[in-house]
Structures are given as structure tokens and as C-alpha cells.
Amino acid sequence: MLHIKCPHCGMRSQNEFSYGGDASVKRPKLNQEISDQDWDNFVYNRKSLRGKHLELWHHLSGCRQWIKVERDTSTHEIFRTMKANEDNS
Amino acid sequence: MQKYSIFNLIKNAFSNHINWDLAWKDPTPKKEYDVVIIGGGGHGLATAYYLAKEHNITNVAIIEKGWIGGGNVGRNTTIIRSNYMHDDNALFSEFGMDLWRKMSQDLNYNVMFSPRGIINLAHSDAQMNVYARRGNSMRLNGIDAVLLNREQVKEVIPMADFSDNVRFPIFGGLMQPSAGTARHDAVAWGYARQADSMGVDIIQNCEVTGFDLEGGKINGVRTSRGNIKVKKIGLCVAGSTNILAEKLNMTLPVETHLLQACVSEPVKPVLDKVVTFGAGHFYISQSDKGEMVMGGDLDGYNSYAQRGNLPTLQHVLTEGIAMMPFLSKLKMLRTWGGIMDMSMDGSPIIDKTHIEGLYLNCGWCYGGFKATPASGWTFAHTIAQDRVHKLNAGYSLNRFNTGHLLDEKGLGTKTWIS
């Protein structure tokens, strides 16, 4: 079982969270020229590599906040967690 | 190639079975091939077999990082079915059903195809309506489908929970009598043996490290066992699709997720159908050895781990026990996991790509095993003729761009959501 440190609530069990997918995906900015390719990359195309993966989790059975988690997709080691509006870098 | 038959079996019994030929060779990679298939799983092996058999292309190598049949073809729950509603899925799968029926004879290898039937249980009136619609669509495409009411389901699987006080009572179910199971390892081995006998090189323990492109065309593949010159490459690597796509600077509508399965201790024959729970994600069948073979949801987050996590397994088995309470008395024998190439609409991709000579076969989600023969057949056609066959025309890569999604389950892009 994963143990995820919610930046709001502290270390919690995976059972309290639901997964939200790749957090590095950016929605194209509105009110400017957007190509089909930009939309495809936002809606469908994913890197999904082995190794470090920045992803969204929802603390559904806790504070109900969305958070970002950096996790290794082959070892499940969690390197860091942060609030959803914190910078990825 | 030595034919497998009762006579050869008896003959070899006199020499304690030590004189059988090897089922396939262990060749050193040549410098050049006409076609290289990356991935020695069921689909890759089938592709090589049909390239040789249907298109007479035998200067072919299969490159496999591990060993053949060590990935998802050896990790699935062996279910074979064609109970799809959409035409593209239905016609493709039903074409595959024909190949399954002939497979043991075709490959001279007993794949133990057992058309025992599959029942999808319904737990509400609305679900019965949905199943009636799907059943009608199937029948229009020439696939057998029978809508069963509660009493009829009870006759077939009396061990399911038909008591009154259950959260998800059984209203009925949709049965495809011609669906079933097969011995998954035999499928890989049977294809490998036949492909090898027709001249295909099966190269194991050989990892792809890069690709050689020249003017937007495939010119070769670099591997841990040397560089190979080749003009046509078929990518057939399931859960590792994204890793190889990155080496080609491609980003695909595919995510890699982990799916678990498990078997119980072997028990006497109790279940002679494949059954799926309709109020969640759980499926079960009984193997010839007597084990109850079970599976269900993905673990739910991107994973290359090839081994699962307990919360999902617990969740899946809770559904199983809700459906068939006797399961709670069984001991678990084994659990395992495989990594799935989850496409963004739940349907696969068998297509050409923008790189000339690169062909893509991926996105099988958790339905890859049953598609093995049809996938190999159509992929071989696509590679040999350099154009898609009408059977895999719907499985195009650019459907995500044009909006022609094949969203069989209506799950949208989050196919990993349970």
C-alpha cells in the first residue's frame, strides 16, 4: 500500500486518495490560436514513462484537496508531495 | 519441423522423450532483415507467423527484451470473447473467434480452446436494457448472444448469490455461448514454433536501445545485441509502448497501468462458464486444473511495477465474494500483475505512423489476449501491404485527432478509472 503525505493533512494511506493522472499536462490558454495538435496533447497524448512521474491525486476521503505527487512508476517511491497550486519545478 | 501427434508421442515415449526437437531455435541476430517485430508476446509472435504464412515474408526477426511469453500473454486470465457492440470491435473480434476455433489444428499445437461461454451479469432493469441492446448489435454482426433472465442465470450458475438480501441482486445476464478460454502459454509457444519453422528468427534477451531514421524513414534498429538494418518495424510491446515511443520522439494516446489477477487453490469443478460481475469490475472462470482464475480493476495509477498492490486486490475480491459467496472459503494460491497499454478510448491502435516503415500495434487495455490471432493477422497485413486492412481500419492512430473515437464502454479518456 502507498502512503502519501498530503501537504494539508500529513501521512495518509492510499485508500483515502483517488488518482487524477499526469500533472504536467497543461490546458491550452483560451482566447488565442490553438491548434488541433495542442488539444490532442492536452486531452489524449501522454508521456507515461518509467521512472519519476508528477501526478495529481485527490484526497477524497480526507481534506478533499487536489495535490501533486512525484512518484516513481516502477518502484512506487514517493519523492515529494505538494499543493496543487505549487510550482512543479 | 517435427509434427506433434499421437504417433510421435508414442514413438518418443520409447526414448523417454529426450529426442524431441527444440520447439524453436536460439539464433544470433543477422545484420539485415525485411521486417523486425519488436516484442515477443502473443501479438508479436502471431504477427510474425501471419507475415510468413499469409504474405510469404520470412526474413523476419522478433526481438524480445526478456523471454517470449513472459509478458502479458503469460499473465492474463485467458478469456476469449467477441461480445462487443460497436461494428469495428465486433467484426474484428469475431474474425478472431474464427481463428481461435481453428488455431490448434492450424498451429499443430493444442491451445486447449474451450468455448464454454461467457455471462455478463446484470443487476438492474436499466442494465438489462443495455445488455439487450448490445446483444442485438452482436447478433446483427453475426455473433451469438443470448439474453438470460434471473431464473435462466440461476440454472447455469447456481453458486452465485441469488438470495433476496443482497446489495446487487442478479436480474439476468447477457451470454455469448461461443466465448471461452484457452491455454495462454500454448498460444505463445504454438505461434513461436510455427513462425520459427518458417524461418523467423526469435531473438530473446535482446533489448531495443534506439532507432535509425533516415529522411523520416526507418532504416534500422539498435539493440543490445548489435545494430540491425531494416526498413519495416512493427512495434508490438504493450505496456512498454511509451518507452519505445519516446525513443522515436512520439507521444501517444496511451498510458501504462498495472492490472492484477489471481488464482485460488484448485477445487473440484464448480464453474463451467466465464462470469463477470455487472456492478463493478470482476471476472472469474475455473481453469482445467481447478483453480478459480480471477481479475478485475486496474491498480489505478501509472505503473511499470509488474506487481500489484493489496488495496485493489481486496476491492476486487470483495466484489467476487458479493457475487459468489463461496469464494470466501478458498485460499489464495497466487497473485500477479502485468502492465497494460491503456488507450484513451479503451480501444486498440493497429496502424501506420508518420514515420515511413514504422507500424504501431498498441492500446489493448486489458483485452489483448483474446485479440492475439486477429491482431497478428491484421498487423501482418498492415506491415506487408503497407496499408490497413478493413478489419483494423477503425483502430487508426489519428482517430484521436479526427474525433472518430471507438469508445465501447463510454469511459472517455480516463480508462484507468475504476
* Name the residues of region B:112-144 whose amide N is less than 12 Å from a point 7 angstrom out from the Cα of B:Arg150 along the C-beta direction? -> B:123-125
* Taking region B:1-127 and dividing mean pair separation by its residue count, relative contact order in percent (alpha carbons under 8 Å, at least six apart) -> 17
* **Residue-wise HN-Hα coupling along region B:396-407, computed from phi with Karplus coefficients 6.51, -1.76, 1.60 (Hz; x: Gly, Pro)** => 7, 6, 7, 5, 6, 7, 8, x, 8, 5, 10, 9
* Asked: When you count, for each residue, the other Cβ atoms within 10 Å and take the mean per peptide, how do B:397-410, B:358-371, B:120-133 rank with the highest first?
  -> B:358-371, B:120-133, B:397-410
* How do B:294-303, B:22-31 rank on mean C-beta neighbours within 10 Å, highest first? -> B:294-303, B:22-31
* For the protein assembly as shown, size of Cβ-based charge dipole, Lys and Arg +1, Asp and Glu -1, in debye -> 600
* **From phi via Karplus (6.51, -1.76, 1.60), per-residue ³J(HN,Hα) for region B:173-190 in Hz, x at Gly/Pro** => x, 10, 10, 10, x, 7, 6, x, 9, 8, 7, 5, 4, 4, 5, 5, 5, x
* Where trypsin sites (Lys or Arg not before Pro) fall in DSSP loop in chain A, at most 13 other Cβ within 10 Å -> A:Lys26, A:Lys29, A:Arg64
* To do: Please give the peptides B:251-257, B:374-380 ranked by average Cβ packing (other Cβ atoms within 10 Å per residue), highest first, as a rough proxy for protection.
  => B:374-380, B:251-257
* Asked: Isolated Cys in the protein assembly as shown by the 4.7 Å beta carbon test?
  -> A:Cys63, B:Cys206, B:Cys236, B:Cys262, B:Cys362, B:Cys365
* Over 32 Å between Cα atoms, which of B:Lys154/B:Lys289; A:Lys47/B:Lys232; B:Lys289/B:Lys370; B:Lys273/B:Lys352; A:Lys5/B:Lys409 qualify? -> B:Lys273/B:Lys352; A:Lys5/B:Lys409
* Asked: Rounded, prolate or oblate: which one fits region A:19-80, using the alpha carbon gyration tensor with axes a ≥ b ≥ c (rounded when a/c is under 1.5, else prolate when a/b beats b/c, else oblate)?
  -> oblate
* Structure fact -> Once phi for every residue in region A:18-34 is put through the Karplus expression 6.51 cos²θ - 1.76 cosθ + 1.60 (θ = phi - 60°), the whole-Hz ³J(HN,Hα) values, with Gly and Pro written as x, are 10, 8, x, x, 3, 8, 8, 6, 10, 6, x, 5, 7, 6, 8, 4, 10
* Asked: Quick one: in chain B, what % of C-alpha pairs are over 29 Å apart?
  -> 45
* **5 angstrom amide H check on B:His389, placed H, neighbours 5+ away** => B:Thr382
* Asked: Quick one: buried accessible area between A and B, total over both chains, 1.4 angstrom probe, nearest 100 Å²?
  -> 2300
* Asked: Relative to the longest principal Cα axis of chain B, at what angle does helix B:310-323 sit, 0 to 90 degrees, rounded to 10?
  -> 50
* So, in nm, how far is label B:Lys268 from label B:Glu207 when the simple model puts each one 7 Å beyond its Cα toward the Cβ? -> 5.1
* Anchor B:Lys25: lysines whose Cα lies under 20 Å away (excluding residues fewer than 8 positions away in-chain) -> B:Lys3, B:Lys53, B:Lys65
* To do: Pull out the extension gain between B:Ile321 and B:Arg167, defined as 0.36 nm times the separation in residues minus the alpha carbon to alpha carbon distance; nm, one decimal.
  => 54.2 nm
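Over chain B, what is the relative contact order in percent, taking alpha-carbon pairs closer than 8 angstrom and at least six residues apart?
Worked out over chain B, it gives 22 percent.
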* Structure fact -> Whole-Å distance linking the alpha carbon centroid of region B:307-362 with that of region B:35-69 is 24
* Name the long-range amide H neighbours of B:Gly172: under 5 Å, sequence gap of 5 or more, or other chain; modelled H, no Pro or chain starts. => B:Ala122
* **For region B:1-121: rounded, prolate or oblate by the Cα gyration tensor [a/c cutoff 1.5]** => oblate
* Filter the GluC sites (Glu not before Pro) in chain A down to the DSSP loop ones having no more than 14 other Cβ atoms within 10 Å, then list what survives. => A:Glu33, A:Glu77, A:Glu86
* **region B:182-251-region B:78-144 distance, computed between alpha-carbon centres (Å)** => 30
* To do: For region B:330-390, give the magnitude of the charge dipole about the Cα centre (Cβ charges: +1 Lys/Arg, -1 Asp/Glu; no others), in debye to the nearest 20.
  => 380
* Shape of region B:164-275, Cα gyration tensor, a/c cut at 1.5 -> prolate
* What number comes out for the charge environment of A:Met1, summing +1 per Lys or Arg and -1 per Asp or Glu over other residues with Cβ under 12 Å away? -> -1
* Could you pull out every residue, at least 5 positions away or on a different chain, whose amide H is within less than 5 Å of the one on A:Gly21? Hs are placed 1.01 Å off N in the peptide plane, and Pro or chain starts have none. => A:Leu56
* Once the Cβ-Cβ distance between B:Asn110 and A:Arg64 is put in as r, and R0 is 35 Å, what FRET efficiency do you end up with, to the nearest 0.05? -> 0.05
* Asked: Modelled label-to-label distance, B:Arg101 and B:Asp21, 7 Å Cα→beta-carbon offset: nm?
  -> 3.1
* To do: Could you work out the local net charge near B:Asn392, counting Lys and Arg as +1, Asp and Glu as -1, over the other residues with Cβ closer than 13 Å to its Cβ?
  => +1
* **Dipole of region B:289-348, positive end: most advanced residue of B:Met342, B:Pro325, B:Tyr304 [Cβ charges, Cα centre]** => B:Pro325
* Specify the inter-centroid distance of region B:1-30 and region A:1-19, based on alpha-carbon positions, in whole Å. => 55
* Structure fact -> PRE zone check, label point 7 Å out along Cα-to-Cβ of A:His3, amide N under 19 Å, scope region B:294-332, hits B:309-312
* Once the dipole of the protein assembly as shown is set up with Lys and Arg at +1 and Asp and Glu at -1 on Cβ about the Cα centre, which of B:Trp20, B:Thr402, B:Thr209 lies farthest towards its positive end? -> B:Trp20
* Summarise the accessible area of chain B (1.4 Å probe, protein heavy atoms) by the percent that is carbon and sulfur. => 52
* **Inter-label distance for B:Lys3 and A:Val25, nm, one decimal - labels placed 7 Å from Cα along Cα-to-Cβ** => 5.4
* To do: Can you tell me the FRET efficiency between B:Gln385 and B:His354 if r is taken as the Cβ-Cβ distance and R0 is 22 Å, rounded to the nearest 0.05?
  => 0.75
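The values are calculated or read from the model by the stated rules, or taken from the named source; none is laboratory data. Given the structure is predicted, the values throughout are model-derived calculations rather than measurements. Because the Cβ atoms are built from the backbone with ideal geometry, glycine has one as well, and the counts that use them run over all protein chains shown. With ligands, DNA and RNA removed, areas are computed over all heavy atoms of the protein, side chains included. Shrake-Rupley method; radii C 1.70, N 1.55, O 1.52, S 1.80 Å.
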